[in-house]
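Below: the structure, in structure tokens.
Nothing in this text is a laboratory measurement; each read-out follows from the coordinates by a stated rule. Bear in mind that the values here come from a model prediction, so they are computed numbers and not experimental data. All Cβ positions, glycine included, derive from the backbone under ideal geometry; neighbour counts span all protein chains shown.
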Amino acid sequence: MRVGAENSSPFVAACAALERDVARGPAWLTPVRNAAMARFMERGLPTVLDEDWRYTNLAPLARTAFRRAEADTNDVAPAQLAPFLLEEAAAVLVFVNGRYAPRLSRRTPTPGVQVASLATLLRETPDVLEPQLARHADHHAQALVALNTALFADGAYVAIAPQSVIMQPIHLLYVKQPGAKPAASHPRSLVVAGAHSQATIVESYVGLGTGVSLTNAVTEIVADESAVVDHYKVQRELETAYHLGTLQIHQQRATQVASHCLSFGGALVRHDIRTVLAGQGGDCTLNGLFNVHADQHVDNALRVEHAAPHCNSREFFRGILDGRGRGAFTGRIVVRPAAQRTDAKQTNMNLLLSDEAQIDTKPQLEILANDVKCTHGATIGQLDADALFYLQTRGIAAPAARSLLTYAFAAESLAQIKIESLRRQLHAVLVARLPGGDAFRELA
Amino acid sequence: MLEIRNLHVSVEGHEILKGIDLTVRAGEVHSIMGPNGSGKSTLAQVLAGRDTYEVTAGEIRYDGQDLLGLAPEERACAGLFLAFQYPVEIPGVSTSYFLKSALNAQRKHRGQPEVDALEFLTLVKDKLKLLDMDERLLNRALNEGFSGGEKKRNETLQMAVLEPRLAILDETDSGLDIDALKIVAEGVNRLRSPERAIVVVTHYQRLLNYIVPDYVHVLVDGRIVRSGDRRLALELEEKGYGWLAPEAEPATVTG
């Protein structure tokens, strides 16, 4: 349980100040925001005493007063964004420190797609948001969702009309440029995929300049009957950044959703990835790759809820930990009594490249139906000695062989990325980060 | 080229090789035969530099230098090649990238210019054709999902590309049907030359119909109990290994 003193922490006090700046929005949203803020004030930031937060200590965050960033959208030049843009994208919405930047965005009208800034919609046509916004992510149970719900100033709305098939990705680019004082933003994204529609969404979180920042992002993805959604979350913020992100997916009947979480930046990163398979025959794939070095910390907390029969879920997360890097993986699979014929599979593989790196991995199965197939497996290890020897016997020196095997471990995850420019970008990020990775530059 | 003197090798305190003496000169093909667990594969792995085996006595000289003092990659660069009994699967690394890296690492070590992607492709395609292998294999992850036969052919392909001076084939015939066996053997025979030597480690004499050895050695319980020419292999085929068993304790470790 929380003690009252926590509410007066610099972090919480600064949040209360931020709340005063945020437009409350339409009548239906105001009570939701108020309830969310009240809930957050009641609970405060999660601590390691919360079972779900055992491996990630937010104490350094609690001591910091994050304010609104000083920099605004005019402080970012288009050229600074070039390394992050995807040439295939049908549209890109750019947000700087949580605020929509029309000047940096590109919204070519595409039939069947609506892409807009949430702040604009909340001002102009808020009613389109009412059925879905803040209806899926749980601000009662999750303190950080509560905080985002209370404080989000802007974000993205993406709606795919029923039957529409959008081949090119829609890119949401959240840019952080912190400045001298610790700066926070709470971006919100809502993706609604209509029945029988198909789309690809990329959320990128990137950092420019220097300084300490906090991103507390919440994304809701709602997939209506038979929708197919490919989603990518790319986390490449500064290594001084705190990133707390919640992805809440809601899947109706016969939907196929694949979400890839690729995490490289940040001092302390937490990804809460949750999906509810609410209709029969749904299919959910959650892929992930993270790489930490120095003192970085990444925590992936997944929760897949099978609430309907005949659904499949696949989780496949890989971690590469170097330096004093720390990682955590928690994979919770909940199978409701109605969810017969569930097929759930979870794999978490981790590679430790240094003696000081550390990973905690934990499956949590909660199975309330009797006709289900649930498997899970986790590995924590060094490079395979047989593979290393095999490469050496062909003339590849030990350090190069180690790099090659490390690269290969990550490459298997990158190979799942269907957007070529994104795959190339992340390949480059990876070769720049892995020891000896430079040798694989040509292998994009 | 290769001189093994009184080689004793242990793993976890258990002695597997109990004093091996063997001399292989350039131009020769030697076959090492023996029952399961006799130490054949251990010998092959020790020659390639596997560090899980402990050499407790003896020495190995390769071209006059101390082979045991060299790292596995240094041995490879000096022209030693081991075709694995169980080639390792490495997902995420394409066969072509792996082979090009290996070739260039060896060329670099010898002061030769590295081959570029195009030169490599030309070279490897020729070899693929000779081994009757599908070009698409190059883009597949190294040995991943390969059948037993494909793995063995891939070992032969690597040998053909790297052109070692001393090739050690560890049970290369296992898992091959007769057609594949002939193709692999042909690939090996193509390497035969007065400058090169080949050591064929095998349980059965079958492969030796196609790769005809100059010398045959029988390894039983960590010792070479008999050496001869290829007629010895034929004799083994007929009589099995039982008649050669020494009085020493039975071998318990699989080689």
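Just a few scattered comments:
- Ellipsoid equivalent to the protein assembly as shown - semi-axes via the Cα gyration tensor, in Å: 60, 25, 24
- Rounded FRET efficiency, nearest 0.05, which uses the C-beta distance separating residue B:193 from residue A:343 and R0 of 56 Å: 0.50
- Applying the Karplus relation 6.51 cos²θ - 1.76 cosθ + 1.60 with θ = phi - 60° to the range A:123-128 yields 3J(HN,Hα) values of 6, 9, 9, x, 5, 5 Hz, where x marks Gly and Pro.
- Stretched out straight at 0.36 nm per residue, the stretch from residue B:122 to residue B:65 would grow longer than its current Cα-Cα span by 17.1 nm.
- Net charge contributed by nearby residues that have their C-beta within less than 14 Å of residue A:210 (K/R +1, D/E -1): -2
- Under 5 Å, built H, 5+ apart or other chain: amide partners of residue B:216: B:31, B:228, B:229
- Computed helical MRE - 222 nm, chain B, DSSP H runs ≥ 4 contributing -39500 (n - 2.57), nearest 500: -10000 deg cm²/dmol
- Protection proxy ranking, peptides B:20-32, B:95-107, A:390-402, average beta carbon neighbours within 10 Å, highest first: A:390-402, B:95-107, B:20-32
- Test item: B:92-103 mean partner chain Cβ contacts at 10 Å: 5
- Cα pair distances of the range A:44-141 binned at 5 Å [whole percent]: 2, 9, 13, 14, 16, 15, 15, 12, 4, 1
- Long-range tail of P(r) for the range A:71-220 (Cα pairs > 25 Å, %): 27 percent
- 5 angstrom amide H check on residue B:224, placed H, neighbours 5+ away: B:21
- Each helix, a run of at least 4 DSSP H residues, gives -39500 (n - 2.57); summed and divided by the residues of chain A, these come to -6000 deg cm²/dmol at 222 nm.
- A straight Cα-to-Cα reach below 18 Å connects residue B:108 with the lysines B:100, residues fewer than 8 places away in its own chain not being considered.
- Placing R0 at 30 angstrom, the Cβ-Cβ distance between residue A:356 and residue A:49 gives a FRET efficiency of 0.70 after rounding to 0.05.
- Long-range HN-HN contacts of residue A:208 with modeled amide H, under 5 Å: A:176, A:177
- Between 0 and 90°, nearest 10: helix B:117-130 axis offset from chain B longest Cα axis: 50 degrees
- Derived scalar couplings ³J(HN,Hα) [the range A:94-102; Karplus, 6.51 cos²θ - 1.76 cosθ + 1.60; whole Hz; x for Gly, Pro]: 9, 10, 10, 6, x, 10, 5, 10, x
- Entry note: the range B:132-220 has Rg to Rh equal to 0.96, where both radii use alpha-carbon atoms and Rh is the Kirkwood radius.
- Look at the stretch A:377-385: the mean tally of other chain Cβ atoms within 10 Å of its residues' Cβ atoms is 1.
- Seen from residue A:280, the other residues with C-beta closer than 15 Å to its C-beta sum to a net charge of -3, counting Lys and Arg as +1 and Asp and Glu as -1.
- Multiplying the residue separation of residue B:206 and residue B:227 by 0.36 nm and removing their Cα-Cα distance gives an extension gain of 5.7 nm.
- Across chain B, the volume of the C-alpha convex hull divided among the residues equals 123 Å³ per residue.
- Per residue, the convex hull volume that the Cα atoms of the range A:140-217 enclose (Å³): 97 Å³
- Shielding value for B:71-80 is 5, the average number of Cβ atoms from other chains within 10 Å of each residue's Cβ.
- √(5λ) per eigenvalue of the Cα gyration tensor, the range A:384-444, largest first, Å: 23, 12, 8
- When you count the other C-beta atoms within 10 angstrom of each residue and take the mean per peptide, A:237-244, A:432-439 line up highest first as A:237-244, A:432-439.
- Residue separation of residue A:418 and residue A:373 scaled by 0.36 nm, minus their Cα-Cα distance, works out to 13.4 nm of gained length.
- Estimated vicinal HN-Hα couplings, Hz - the range A:317-332 in sequence order (Karplus 6.51, -1.76, 1.60; Gly, Pro = x): 10, 10, x, 10, 10, 10, x, 9, x, 10, x, 9, 9, 10, x, 9
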